[in-house]
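For reference, the structure is listed below as structure tokens.
The values are calculated or read from the model by the stated rules, or taken from the named source; none is laboratory data. The structure displayed is predicted, hence computed values, not measured ones. Cβ atoms come from the backbone with ideal geometry, glycine included; neighbour counts cover every protein chain shown.
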Amino acid sequence: MEAAVFISSLVDCCALIFLSVYFIITLSDLECDYINARSCCSKLNKWVVPEMVAQALATVLMLVSMHWFVFLLNLPVASWDAYRYVKVPMGNMGVYDPTEIHNRGQLKSHMKEAMIKLGFHLLCFFIYLYSMILALIND
Amino acid sequence: MGLHQTPAAVTGPPLAAHSDAAAVYPAHPAQMHRYPSLQPVYQSVSGAQTAPPAQTQTQLYTQPSAGAAQLSPSLASLSLQSQPPEALRAVNLLQERSLLPPGAVPPPVPCLPQDLQKINCSPEVFRCTLTSIPQTQSLLNKAKLPLGLLLHPFKDLSQLPVVTSSNIVRCRSCRTYINPFVTFLDARRWKCNLCHRVNDVPEEFMYNPVSGLYGAPHKRPEVQNATIEFIAPSEYMLRPPQPAAYLFVLDVSHNAVETGYLDVVCQTLLESLDSLPGDTRTKIGFITFDSNIHFYNLQEGLSQPQMLIVSDIDDVFLPTPDSLLVNLSECRELVQDLLASLPQMFGQTMETQSALGPALQAAFKLLSPTGGRMTVFQTQLPTIGIGALKPREEPSHRANAKDVQHLSPATDFYKKLALDCSGHHVAVDLFLLSAQYSDLSSLGCISRYSAGSVYFYPSYHKQHSPPQTERLQKDLKRYLTRKIGFEAVMRVRCTKGLSIHTFHGNFFVRSTDLLSLPNVNPDAGFAVQMSIEENLLDLQTVSFQAALLYTSSKGERRIRVHTLCLPVVNSLSDIFAGADVQAITALLASMAVDRCVTASLSDARDALINAAIDSLASFRSSVLSIQQPGLLAPACLRLFPLYILALLKHKAFRTSGSSRLDERVFAMCQLKQQPLVYLMMMVHPGLYRVDELTDEGALNISDRTIPQPRALQLSVEKLSKDAAFLMDCGTVMYLWVGRNCSPVFLTEVLGVESHAAVPLNMNQLPELDTARSSRLRAFVDWLRERRPCHAVLHVIRDESPLKAEFMQNMIEDLSESALSYYEFLLHLQQQISK
């Protein structure tokens with residue numbers, strides 16, 4: 001049972017890692033002028049909700065299986081995702097808005113955010129891996 | 001992947017190979033050659049000629065080559081000596097009352113060697129908030145002043161050199177156009193002033209067609225003029241240049257017909273049909289809408305225009321594939337017929353709904369194959385179809401404007417449509433003529449991101465407000481006949497080390513510092529904010545280049561390039577000495593508008609006050625050697641608190657008095673889209689005493705003598721009952737007549753017998769044959785012709801209903817819940833000495 005929980009959160013974490021990498025690649029494409037703002041933002045906006053769902057899934061899994069430390073580790077990221085999604089002003093076209101992304105250094109801050117998330121997900125990946133192996137051994 | 005690559009990224013044709021030139025070449029042209037005055041305008045200078053045999057003009061190169069290092073001692077000494085200490089003279093604002101210069105506030109002159117400054121870009125086109133750039137970001141942070149550029153790139157210029165050349169010389173790495181501030185290392189190599197890369201001079205460039213000389217590339221017009229226009233070769237076109245295409249989308253609901261705007265629009269359009277910019281390919285079309293959308297078939301050969309009605313507004317389609325947007329010269333009579341009959345066609349309409357969203361979609365479908373300009377006239381809130389808006393303003397909230405809501409758009413439909421339009425080179429201009437709340441914050445998005453402009457005529461009605469009618473007519477005339485550029489892109493480049501982080505203005509930022517402007521017009525201003533990413537050590541000067549690539553209305557692809565050069569300094573006092581107070585105010589206004597939308601109005605107001613406090617505190621602590629009591633400011637920034645107070649009392653940011661939300665949002669749009677000169681007129685109106693105009697100090701322009709009265713402070717204490725005063729606020733002028741004004745003035749200028757006989761709604765100065773009348777009219781006409789928008793004149797006296805608005809512009813006075821100028825200064829002083 002433990003192993004199953006950790007295996008699914010490991011898979012979930014892999015998906016989140018791939019998503020973060022995709023975000024970083026798309027944002028750096030925009031920085032280097034390979035794509036334009038509109039296509040970049042529509043690509044990124046498409047994956048905002050799936051990312052939020054995946055992160056919420058991981059958090060809930062940890063809550064349900066009563067691993068409090070990992071749950072508390074995941075909770076800030078999940079709530080930040082939700083806050084960012086809800087706080088989009090009404091006139092904007094999603095979390096990534098093509099008219100605002102070049103203003104006030106938003107491109108840089110989104111890049112930083114994606115990097116931090118990547119680091120966090122890598123950390124979680126190793127935590128889940130270790131816990132999964134422990135669980136498999138103890139079974 | 002919709003949008004195409006930028007044309008400016010296309011690599012130019014290969015540069016000519018090195019040839020061994022025997023001439024010794026000076027390293028820096030500025031060192032040794034006297035730059036002649038700007039070349040007179042000449043056309044089509046062709047540069048693609050076979051080079052004549054290399055005859056070196058040896059007499060030009062007798063001086064030894066001067067290294068770039070020689071520039072530094074001269075500049076260093078300049079920064080200490082020729083920098084006028086006048087700019088840094090500490091002024092105690094609490095004591096000195098008369099701060100305004102007699103005429104217009106002159107822009108500061110950058111501290112460059114005279115020969116560089118002579119060819120530098122005109123401040124009317126390109127202005128920087130700090131004319132001496134700090135060397136490091138930490139120094140800039142200490143000065144607490146914003147660093148940014150204000151551009152007016154497509155301004156109507158009287159003298160513009162135009163160059164045709166088969167290959168335009170650009171830097172190989174950063175693609176900067178060659179400009180007067182590059183360094184020539186020898187006869188064949190030049191060093192870019194933005195990225196410092198050494199490039200080769202192509203063979204054709206060595207020949208100067210103007211003087212016929214060979215071997216003097218620094219004398220070519222591209223290197224002699226900071227503002228120049230190139231005729232672009234075909235590498236700069238992604239598709240054949242588009243024809244001028246104009247589409248007019250008119251609201252014909254019952255409300256619209258009531259206001260009577262259709263008469264004015266159709267009449268003005270009929271008169272200006274000949275002067276619409278364009279050539280024989282010009283296209284024109286019309287769409288009208290209420291709850292349905294009406295198209296007009298103007299095919300050549302029809303006896304009269306045919307109206308086609310589409311009532312399915314949820315899925316808009318074009319009823320016929322062509323002949324809705326027709327060639328103007330071929331179908332001219334039909335167009336004239338349509339314009340003559342349009343006002344009567346809807347005279348009896350009872351439709352009250354307005355389907356603006358579907359009409360815009362239909363118009364976009366019609367214009368998207370070619371691109372062009374869409375002009376939308378709207379008189380109410382759009383009520384049905386996609387993009388319908390709800391009334392969000394509560395009249396009860398107006399009085400308590402501590403926190404104004406609803407400054408951001410309600411829906412992203414208009415923004416998305418604007419981005420679609422921008423991708424197809426369509427610009428949308430919006431004329432809003434409504435009396436009720438029409439959610440300008442949402443509707444304005446359609447213009448803001450498609451490089452259009454917003455015009456607002458609140459409570460427009462042909463009978464109830466004739467000044468608005470006059471204003472619409474004159475503004476429309478200018479709008480239809482002014483110069484226009486199509487499918488344009490603009491790129492602003494700066495020297496390595498500086499980077500642009502925020503843009504202000506009506507355009508879409510397609511990628512880092514590439515601005516997509518479907519239409520560019522001479523009345524649009526832009527602003528950018530910069531930061532210093534790497535320290536500018538070893539640099540004496542930095543340069544900025546704005547390059548605008550556009551299609552002229554005659555189908556020619558042109559590039560207008562402006563280059564500005566500014567010195568780099570590393571002391572705080574030099575930075576303050578070079579501060580440009582008007583540019584700083586304009587940039588702060590744009591930043592405050594952004595802050596209003598992202599945070600709140602009170603945040604923006606606090607930020608404005610803090611800008612004044614921080615910069616004056618920094619001056620006091622870092623630059624002043626002797627601490628004196630009072631509120632001290634450098635002479636170049638002495639008007640800064642006054643301008644900040646003017647902004648706080650401006651319609652966009654004021655909290656006192658009830659201002660309608662649409663008017664506030666429009667004032668914010670104006671702050672962001674107007675060029676600097678007109679913006680300052682609106683923020684700080686000019687007040688002049690006009691009852692005793694003399695010819696002393698008058699200007700003589702083409703046999704007219706224009707009196708130049710002194711600009712007065714905006715305070716009631718400067719008004720006196722025995723005189724008449726003229727206030728120039730940009731779009732409106734007030735002529736205030738005092739109660740005891742001399743009867744001579746009343747009879748000779750206004751044509752009335754006594755003060756009580758001045759009509760309450762007088763808008764014209766009668767053309768009387770007296771000296772006073774001609775002087776005043778010359779002055780008013782001179783003020784009026786120096787701006788693109790028409791200024792309505794109101795003659796007011798004490799009992800006029802407009803007196804309240806006149807008094808609201810008295811910035812220095814105390815008004816309900818707003819500080820007077822002196823109190824504001826005391827508040828600043830208190831905060832600084834905390």
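Count, please, the residues in the range B:279-296 that happen to be of a type outside the set (Val, Ile, Thr), under 20 Å from residue B:315 (Cα atoms) and touching a Leu at 6+ places or on another chain (Cβ under 9 Å).
Number of matching residues: 5.
May I ask you to list the residues in the range A:71-91 that are buried (at least 19 other Cβ atoms within 10 Å of the Cβ) and under 16 Å from residue B:407 (Cβ atoms)?
Of everything in the range A:71-91, just one residue is buried (at least 19 other Cβ atoms within 10 Å of the Cβ) and under 16 Å from residue B:407 (Cβ atoms), namely A:91.
State the number of residues belonging to the range A:23-39 that are under 21 Å from residue B:412 (Cβ atoms), facing chain B (nearest Cβ under 10 Å) and surrounded by fewer than 22 Cβ atoms within 10 Å (Cβ to Cβ).
The number of residues fulfilling the criteria is 2.
Which of the residues belonging to the range B:308-317 are surrounded by fewer than 15 Cβ atoms within 10 Å (Cβ to Cβ) and of a type outside the set (S, T, N, Q)?
If the condition is that a residue be surrounded by fewer than 15 Cβ atoms within 10 Å (Cβ to Cβ) and of a type outside the set (S, T, N, Q), then B:308, B:309, B:312, B:314, B:315, B:317 are the ones that fit.
Does residue B:556 qualify as being over 17 Å from the mean Cα position of the chain (by Cα), within 28 Å of residue A:36 (Cβ to Cβ), surrounded by fewer than 24 Cβ atoms within 10 Å (Cβ to Cβ) and more than 14 Å from every other protein chain (Cβ to nearest Cβ)?
yes
So in the range A:13-22, with the set limited to residues that are crowded, with 20+ Cβ neighbours inside 10 Å and out of contact with any Pro (no Cβ under 8 Å at 6 or more places or on another chain), which one is farthest from the other protein chains (Cβ to nearest Cβ)?
Checked the range A:13-22; the qualifying residue farthest from the other protein chains (Cβ to nearest Cβ) is A:13.
Can you name the residue in the range B:436-465 that is among the polar types (S, T, N, Q) and not in a loop (DSSP other than H, G, I, E, B) and is also farthest from residue B:597 (Cα to Cα) among such residues?
In this case the residue turns out to be B:447.
Could you list, in sequence order, all residues of the range B:507-550 that are more than 16 Å from residue B:484 (Cα to Cα) and of a type in the set (Asp, Glu)?
Residues satisfying the conditions are B:513, B:533, B:534, B:538.
Among (1) of a type outside the set (Ser, Thr, Tyr); (2) within 14 Å of another protein chain (Cβ to nearest Cβ); (3) touching a helix residue (DSSP H, G or I) at 6+ places or on another chain (Cβ under 8 Å), where does residue B:526 come up short?
Every condition holds for residue B:526 apart from (3).
What strands (runs of 3 or more DSSP E), lying completely within the range B:670-752, carry at least 3 residues that are modelled with pLDDT of 85 or more?
Fully inside the range B:670-752 and qualifying: B:686-689, B:724-728, B:732-737.
Show me the helices (runs of 4 or more DSSP H) found entirely inside the range B:212-291 where at least 1 residues are crowded, with 23+ Cβ neighbours inside 10 Å and of a type in the set (S, T, N, Q).
B:254-259
For the range A:64-100, give me each residue that is away from chain B (no Cβ under 14 Å), over 17 Å from the mean Cα position of the chain (by Cα) and not hydroxyl-bearing (Ser, Thr, Tyr).
Within the range A:64-100, A:64, A:66, A:67, A:68, A:69 meet the criteria.
Need the failing condition index for residue B:594 against (1) acidic (Asp, Glu); (2) in contact with a strand residue (DSSP E or B) (Cβ under 7 Å, 6 or more places away or on another chain); (3) within 14 Å of chain A (Cβ to nearest Cβ), just the number.
For residue B:594, the failing item is (2).
If you check B:667, B:607, B:589, which single one turns out to be assigned to a helix (DSSP H, G or I), under 25 Å from residue B:432 (Cα atoms) and without any contact (Cβ under 8 Å) to a residue 24 or more places away in the chain?
Going through B:667, B:607, B:589 in turn, the sole match is B:667.
Output the residue which, of all residues in the range B:753-785 that are acidic (Asp, Glu) and part of a loop (DSSP other than H, G, I, E, B), is surrounded by the fewest Cβ atoms within 10 Å (Cβ to Cβ).
Looking at residues that are acidic (Asp, Glu) and part of a loop (DSSP other than H, G, I, E, B), I get B:769.
Name the single residue, out of those in the range B:483-505 being part of a loop (DSSP other than H, G, I, E, B) and closer than 24 Å to residue B:237 by Cβ, that is farthest from the other protein chains (Cβ to nearest Cβ).
B:483
Out of the residues in the range A:48-64 meeting the condition of being surrounded by 18 or more Cβ atoms within 10 Å (Cβ to Cβ) and of a type outside the set (A, V, I, L, M), tell me which one is farthest from residue B:389 (Cα to Cα).
Within the range A:48-64, the match that is farthest from residue B:389 (Cα to Cα) is A:59.
Give A:110, A:121, A:67 a once-over and let me know the one that is under 30 Å from residue B:407 (Cβ atoms) and not small (Gly, Ala, Ser).
Criteria check complete, one pass: A:110.
Going residue by residue through the range B:402-419, is there one that turns out to be among the hydroxyl-bearing types (Ser, Thr, Tyr) and either in contact with a strand residue (DSSP E or B) (Cβ under 6 Å, 6 or more places away or on another chain) or without any contact (Cβ under 8 Å) to a residue 12 or more places away in the chain (or both)?
Within the range B:402-419 (the criterion being among the hydroxyl-bearing types (Ser, Thr, Tyr) and either in contact with a strand residue (DSSP E or B) (Cβ under 6 Å, 6 or more places away or on another chain) or without any contact (Cβ under 8 Å) to a residue 12 or more places away in the chain (or both)), the answer is no, since none of the residues qualifies.
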